[in-house]
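Asks: Mind looking over this structure? Questions follow.
The values are calculated or read from the model by the stated rules, or taken from the named source; none is laboratory data. Because the structure is a prediction, the values reported are computed rather than measured. Note: ideal-geometry Cβ built from the backbone for every residue, glycine included; neighbour counts use all protein chains shown. We work out accessible area using only protein heavy atoms, side chains counted, and drop any ligands, DNA or RNA first. Shrake-Rupley method; radii C 1.70, N 1.55, O 1.52, S 1.80 Å.
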Amino acid sequence: MNFHDGLSGEKIFFGLSEVINIKEIVRETFLIEISSSSQLAKSEPGQFVYIIPKMQKRTVLPRPLCIADADSETVKLIFKIRGKGTLCLSELGKGDKISVMGPLGTGFPLPREPVLLAGGGLGAAPLYFLAKKLRNNKKTSLLLGFKNSDEAYFIDEFKSIAKNVFVCTDDGSLGAGGNVVEKAGEIIKNEKVICACGPRPMLKGLSDFAGKKGLRIFVSLEERMGCGVGACLGCVVKIRRGGKEEYQRVCKEGPVFDGLEVVY
Amino acid sequence: MKADISAEIGGLILKNPVMPASGTWGYGEEYAEFYAPGELGAVVVKGTTLEPRQGNKPPRIAETPAGILNSVGLQNVGVEKFISEKLPFLKKNKCTVIVNIAGDSVDDYADVARRLMDEEGVSAVEVNISCPNVKKGGIAFGVNAASASVLIKSVKKEYGRPLIAKLSPNVTDIVEIAGACIDSGADALTLINTVRGMSIDINNRRPLLPNCAGGLSGPAIKPIALRMVYEVKKATGADIIGVGGIECFEDALEFIMAGASAVQVGTANFYNPMVMPEIIAGFGEYLEKNKIGSVKDLVGVAIR
Ligand SMILES: Cc1cc2nc3c(=O)[nH]c(=O)nc-3n(C[C@H](O)[C@H](O)[C@H](O)COP(=O)(O)OP(=O)(O)OC[C@H]3O[C@@H](n4cnc5c(N)ncnc54)[C@H](O)[C@@H]3O)c2cc1C
Ligand SMILES: Cc1cc2nc3c(=O)[nH]c(=O)nc-3n(C[C@H](O)[C@H](O)[C@H](O)COP(=O)(O)O)c2cc1C
Ligand code: FES
């Protein structure tokens, strides 16, 4: 059977990628590097790939993961073990092949104004890619929140690409104590835009804050997916625009949405 | 001699027997990135209603062993917008278009069918008398032979090209309902829609889907679908489009041998966007290798 053998479109790659490297960066959280393609090399921050773990344990659907970095050689992804699919991915080794579809969805804009990138937990992953693309914008600050010091990752990597990196943890075990929403209120100065990724309550909190301060905000959302390409309407979130509410697709119009329009 | 992989369904001639299942392939635009939609036997679009619909609350998808549950509902742009915004793309790509239609009342269905009759680009309608997700109407038509019959008759009055009835597996006797649809004027049948099922979120101690129940699709339902195709073909001889869990050529061939004249592929597109071209190629290779002249020669060969 000719199952996934490297057929793909102009913009979307669909085929096998090779695992170039995989390591556990903090407990149960992995950085995996896979081989790239011409389409994946053009990934934008905030886009995602749809990864098909080996068809074990009777899973059928691919798993969406944000692109944490991409060039013509490799694509980096950071994921945490949550269930069957991510467990399966964590067991991959160098040289293994996995089936990948991407890049998919609509990513973050690249603001020219002073911008705050705010990430909570795993949500820091796509912001690494975004921060790299914003290296020419000297007015970029980063705020990274984690539960505690044991869960914090990539801090040095972030510091190597951005000047203003703030870290906070819920229990104060690393950086300042407190969560991303509280800290954003303290550190924001002349930023005009926030780009955020993390748990929904954090995104809602930041959106409320941005609304009050008159800032623009872009948030990256998660929802359970079917097709990953916009065809099944499985992955919707409610968006309010011009007084009208409608469902939009996380995999197509998203995962990045205008935070002020999301009905949380 | 080149193998003949064409198919015929209720008077409709298709260049091959493979098409997407309604609701899993949008309006053909999304997968055009991977191959031309015109390569398919037909394109079946999302359930279309008279007015636009919002659909159900998310989350709408839950993975289950070898399948998925969905409660998308009938989110769609409505028949007018379908015609003005979605149909032109399909026509441009020379697709044979089958529109899946749905509604809350017999009049709703009839109105949508009448509107589609005006559009040359629509080759057939597939009447969804089986969507398990709409509280009103939907399921009611599909579980009862008498109401299915009333519905099919009124759509038939409005729509002169091939009419296909899509049946629900969530019934006691599928053969009886299939017979009622054929007697009322359906030219062919699509078997099956999703099987009602459920999933519980044990951390939150409640059903995972806000709608509680959802429709099960994917490999998990293939044996159920096959059995229904077989029984209905054997009892009625009707033209059947088989659907449920197909993920490779061999699966599709099982349906043909059980009595389907064509197949639809739904959930498998989600994990292999190339699955339909692969199945089409599989038919050609199989016929040549086994020196069989036409796919039609295989329809129902397994029936005993
Ligand atoms: C656009 C997008 C980007 C994402 N990026 C990342 C990332 O960079 N790193 C990371 O660790 N996680 C990310 N996630 C979440 C990740 O997809 C889930 O953790 C993962 O699918 C869980 O799969 P599982 O098999 O381990 O868990 P299971 O619970 O066994 O999964 C069962 C089903 O539910 C779905 N599911 C479970 N949790 C989620 C979730 N939070 N969001 C969407 N679907 C879910 C699975 O995909 C699968 O279909 C992202 C989700 C989305 C929608
Ligand atoms: C996300 C999703 C949406 C669907 N929407 C419709 C629909 O609008 N109308 C319809 O008749 N069937 C709908 N179906 C059912 C499919 O057309 C098909 O009958 C079913 O999924 C079984 O096939 P499969 O196992 O190949 O997916 C939907 C199925 C899925 C998974
Ligand atoms: S997952 Fe199918 S539309 Fe988004």
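Asks: What is the set of long-range amide H partners of A:Ile194 at a cut-off below 5 Å, with H atoms built 1.01 Å from backbone N?
Replies: A:Leu116, A:Arg216, A:Ile217, A:Phe218
Asks: Here is a further query. What list of whole percents do you get for P(r) of the range A:77-234, with Cα-Cα distances grouped in 10 Å bins up to the one holding the largest distance?
Replies: In order of increasing distance, the bins hold 10, 36, 35, 17, 2, 0 percent.
Asks: In percent, how large is the relative contact order of the range B:8-87, given Cα pairs closer than 8 Å and 6 or more residues apart? Walk me through the numbers on the way to the answer.
Replies: Working: 101 pairs, mean separation 20.9, N = 80.
In percent, rounded to a whole number, it is 26.
Asks: Once amide H atoms are placed 1.01 Å from N in the peptide plane, what residues at a sequence separation of 5 or more from B:Ile9, or on another chain, have their amide H within under 5 Å of its amide H?
Replies: HN-HN under 5 Å from B:Ile9: B:Leu14.
Asks: Then there's this: Using just the helices of chain A, give the 222 nm mean residue ellipticity in deg cm²/dmol: DSSP H runs with n ≥ 4 each add -39,500 (n - 2.57), and the total is spread over all residues, rounded to 500. Mind showing how you got there, number by number?
Replies: Details: 5 runs with 46 residues, N = 264.
Helix contribution divided over all residues of chain A: -5000 deg cm²/dmol.
Asks: Once the Cα gyration tensor of the range B:74-187 is found, what semi-axes does its equivalent ellipsoid get, as square roots of 5 times the eigenvalues, in whole Å, sorted largest first?
Replies: Semi-axis lengths for the range B:74-187 are 24, 15, 12 Å.
Asks: Once you order the gyration tensor axes a ≥ b ≥ c over the Cα atoms, which shape class does the range B:212-286 get: rounded for a/c under 1.5, otherwise prolate or oblate by comparing a/b with b/c?
Replies: Verdict is oblate for the range B:212-286.
Asks: Which of the residues in the range B:266-283 show a loss of at least 10 Å² in accessible area from their chain by itself to the complete set of protein chains, at a probe of 1.4 Å?
Replies: Residues losing area: B:Phe270, B:Tyr271, B:Asn272, B:Pro273, B:Met274, B:Glu278.
Asks: Find the sum over both chains of the accessible area lost when B and A are paired, probe 1.4 Å, and report it in Å² to the nearest 100.
Replies: Heavy-atom accessible area buried at this interface is about 3000 Å².
Asks: Can you give the % of DSSP beta bridges in the range A:54-145 that are antiparallel, to the nearest 5?
Replies: Values: 2 of 8 bridges.
Roughly 25 percent of the beta bridges in the range A:54-145 run antiparallel, per DSSP.
Asks: For the range B:1-88, state what percent of all Cα-Cα pairs lands in each successive 10 Å bin, counting from 0 Å until the bin that includes the largest distance.
Replies: 14, 35, 35, 13, 2, 0
Asks: Using DSSP loop states and a limit of at most 11 other Cβ atoms within 10 Å to flag GluC sites (Glu not before Pro), what is the longest stretch of chain A containing no flagged site?
Replies: A:74-264
Asks: Of the beta bridges DSSP finds with both residues in the protein assembly as shown, what % are antiparallel, to the nearest 5?
Replies: 50
Asks: Report, in cubic angstrom per residue, the convex hull volume of the C-alpha atoms of chain A.
Replies: For chain A, the hull spanned by Cα atoms encloses 129 Å³ per residue.
Asks: According to the square roots a ≥ b ≥ c of the eigenvalues of the Cα gyration tensor, what is the shape class of the range B:141-281, taking rounded for a/c under 1.5, prolate for a/b larger than b/c otherwise, and oblate for the remainder?
Replies: Oblate, because a/c is 1.5 or more while a/b does not exceed b/c.
Asks: Go from 0 up to the bin containing the longest alpha carbon distance in the range B:10-146, width 10 Å each, and give me the % of pairs per bin.
Replies: Whole-percent P(r) values from 0 Å outward: 11, 41, 36, 12, 0.
Asks: May I ask for the Kirkwood hydrodynamic radius of the protein assembly as shown, worked out over all distinct Cα pairs and given in angstroms to one decimal? It would help to have the intermediate numbers written out before the result.
Replies: Details: mean 1/r = 0.0402 Å⁻¹.
After inverting the mean inverse Cα-Cα distance, the result is 24.9 Å.
Asks: Additional query: Roughly how crowded by other chains is peptide B:26-34, in terms of the mean Cβ count from those chains within 10 Å of each of its Cβ atoms? Could you put the intermediate results ahead of the total?
Replies: On the way: counts 8, 2, 1, 3, 10, 6, 1, 8, 8.
The mean count of partner-chain Cβ atoms within 10 Å per residue comes to 5.
Asks: If I compute solvent accessible area with a 1.4 Å probe over the protein chains, what percent of it on the range B:156-301 is carbon and sulfur?
Replies: 50
Asks: Leaving out ligands and nucleic acids, note down the accessible area per residue over the protein assembly as shown with a 1.4 angstrom probe, in whole Å².
Replies: 40
Asks: Express as a percent, rounded to the nearest 5, the fraction of DSSP beta bridges in chain A (both residues included) that run antiparallel.
Replies: So the antiparallel bridges amount to about 60 percent of the total.
Asks: Of the listed peptides B:279-287, B:35-43, what is their order by residue-averaged count of other C-beta atoms within 10 Å, with the highest listed first?
Replies: B:35-43, B:279-287
Asks: Moving to a separate point now. Could you please state how large a percent of the accessible area of the range B:1-154 is carbon and sulfur, counting protein chains only and using a 1.4 Å probe?
Replies: Values: 2910 of 5440 Å².
The nonpolar share, carbon plus sulfur, comes to 54 percent.
Asks: Have a look at the range A:59-97 and report residues whose accessible surface goes down by 40 Å² or more when the remaining protein chains are included, against the chain on its own, probe 1.4 Å, ligands and DNA/RNA excluded.
Replies: Residues of the range A:59-97 that lose at least 40 Å² of accessible area once the other chains are added: A:Val60, A:Leu61.
Asks: Still on this structure: For chain A, which whole percent of the accessible surface, found with a 1.4 angstrom probe, sits on carbon and sulfur atoms?
Replies: Ligands and nucleic acids excluded, carbon and sulfur give 47 percent.
Asks: Still on this structure, please answer the following. With the cut-off at 1.5 for a/c, could you classify chain B from its C-alpha gyration tensor as rounded, prolate or oblate?
Replies: rounded
Asks: Given the peptides B:155-161, B:211-217, arrange them by the average over their residues of other C-beta atoms within 10 Å, most packed first.
Replies: Listed from highest to lowest mean packing, they are B:211-217, B:155-161.
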